[in-house]
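Shown next, in structure tokens, is the structure this report addresses.
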Amino acid sequence: MSVDVEGAEEPGWEVDPDDEQGVAVVAAVGRQLKVWREMAGMRVADFGTAIGYGEDQVRKVEAGRRIPRPEYLDRADNVLNADGRIAAMKKDVEQVRYPKRVRDLAKMEARAVEVATYNNHNIHGLLQTEEHARALFDMRRPAYSSDELNRNLAARMARRVIFERSPAPSMSFVQEEVTLRRPIGGTMVMRRQLEHLLEVGQLRNVEIQVMPTDREDHAGMGGLIELLKFEDGTGVGRSEGAFASRPVTDPRQLRILELRYGIIRAQALPPRESLAFIEHVLGET
């Protein structure tokens, strides 16, 4: 939990002004919170003290400039005797809590029956531990603010719900060897990340493959590839080396990405050998 300069808890994240849906939802929630507070006859400062947040932070939430955390709404519901009506807003806020681009991706992942990715620079976000993901976000230049970093980190971790889906989607990841060896975050962070890969690689619906650096033939020199396939036979894909890096849904363009990905998988180590390779790297780390 982050803390403001007055020692009170931060209620949440700043609203992205370019996120029209997020702006509308947070503004509506803020107006409702203000109405409830005024009906209870509480001043902003007194209300902030009662729920453990600073006066300035309460004003930002009520003005729709800051996204309230679930615990903020729970405490407000209790202090204002709202009988669950304020706490019920958590569902609306949850839908806009994370950046729009991540929400859109998470919606597609929630529909996908197949996920396939080739990752040449970083370990794929769905496979990252929280501390490894934080270290990666720390590397970003220009640097994220603490607020931006925490919001992006929480959004990335929330996407891991895909591993809990039933029926589970088929998931294939091809990782470049260098992504397993670059000690982002330090040795212990990287060791725990490798251990996590070994755990996830045991799931029946997940296959992790490693592309060794010494491969002479490599169809992935164009960069990252991501493919999502849906139950109705449609799909969406993106590659850094094709179609100006834009997401594509045209079946002809998807076939090109599928062809490249299939060759990459064939050139990489098989899943069983890949897990043994990761275990070997872990022993060297």
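The values are calculated or read from the model by the stated rules, or taken from the named source; none is laboratory data. Here the structure is a predicted model, which means the values were calculated and not measured. Here Cβ is always computed from backbone atoms with ideal geometry, including for glycine, and neighbour counts include all displayed protein chains. We work out accessible area using only protein heavy atoms, side chains counted, and drop any ligands, DNA or RNA first. Shrake-Rupley method; radii C 1.70, N 1.55, O 1.52, S 1.80 Å.
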Please verify whether residue 238 is within 21 Å of residue 106 (Cβ to Cβ) and at pLDDT below 95, treating the condition exactly as stated.
no
Which numbered condition in (1) of a type in the set (Ser, Thr, Tyr); (2) over 19 Å from residue 122 (Cα atoms); (3) free of Cβ contacts under 8 Å to residues at least 12 places away in the same chain is the only one that residue 249 fails?
(3)
Restricting to segment 110-130, what's the tally of residues that are among the acidic types (Asp, Glu) and under 11 Å from the mean Cα position of the chain (by Cα)?
1
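Pick out the one residue from 230, 277 that is within 24 Å of the chain's Cα centre (by Cα) and more than 17 Å from residue 121 (Cβ to Cβ).
On the way: 277 fails: within 24 Å of the chain's Cα centre (by Cα).
Going through 230, 277 in turn, the sole match is 230.
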Taking residue 101 and the conditions (1) over 20 Å from residue 147 (Cα atoms); (2) without any contact (Cβ under 8 Å) to a residue 40 or more places away in the chain, which numbered condition does it fall short on, given that it satisfies the others?
(1)
Kindly check whether there is at least one residue in segment 131-143 that is open to solvent by 60 Å² or more (accessible area, probe 1.4 Å), of a type in the set (Lys, Arg) and under 13 Å from the mean Cα position of the chain (by Cα).
yes
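Got a sec? Which of 126, 105 is within 30 Å of residue 212 (Cα to Cα), open to solvent by less than 70 Å² (accessible area, probe 1.4 Å) and in contact with a Ser or Thr (Cβ under 9 Å, 6 or more places away or on another chain)?
After applying the criteria, what remains is 126.
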Those residues that are under 21 Å from the mean Cα position of the chain (by Cα) and among the small types (Gly, Ala, Ser), I need them from segment 163-207; list them, please.
166, 168, 170, 172, 185, 201
Neighbours by Cβ (under 7 Å, 6+ apart or cross-chain): first from segment 37-53, among the basic types (Lys, Arg); second in a helix (DSSP H, G or I)
37/47
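Looking at segment 135-143, can you tell me whether even one residue there is within 30 Å of residue 233 (Cα to Cα) and either part of a loop (DSSP other than H, G, I, E, B) or of a type in the set (Phe, Trp, Tyr) (or both)? It would help to see each step written out before you state the result.
Within segment 135-143, the first condition is being within 30 Å of residue 233 (Cα to Cα), and the residues that meet it are none.
The answer is no; no qualifying residue exists.
State whether the residues of segment 219-231 include one that is charged (D, E, K, R) and without any contact (Cβ under 8 Å) to a residue 60 or more places away in the chain.
First, the residues of segment 219-231 that are charged (D, E, K, R): 226, 229, 231.
Filter once more, so that each one left must be without any contact (Cβ under 8 Å) to a residue 60 or more places away in the chain: none.
No, segment 219-231 contains no residue that is charged (D, E, K, R) and without any contact (Cβ under 8 Å) to a residue 60 or more places away in the chain.
Has segment 158-166 got any residue that is part of a helix (DSSP H, G or I), in contact with a Phe, Trp or Tyr (Cβ under 8 Å, 6 or more places away or on another chain) and surrounded by fewer than 16 Cβ atoms within 10 Å (Cβ to Cβ)?
Going residue by residue through segment 158-166, those that are part of a helix (DSSP H, G or I) are 158-164.
Next, only the ones that are in contact with a Phe, Trp or Tyr (Cβ under 8 Å, 6 or more places away or on another chain) stay: 158.
Filter again for surrounded by fewer than 16 Cβ atoms within 10 Å (Cβ to Cβ), leaving 158.
Yes, some residue in segment 158-166 is part of a helix (DSSP H, G or I), in contact with a Phe, Trp or Tyr (Cβ under 8 Å, 6 or more places away or on another chain) and surrounded by fewer than 16 Cβ atoms within 10 Å (Cβ to Cβ).
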Members of segment 205-246 found to be within 18 Å of residue 269 (Cα to Cα) and open to solvent by 70 Å² or more (accessible area, probe 1.4 Å), listed by number
207, 213, 214, 215, 216, 217, 221
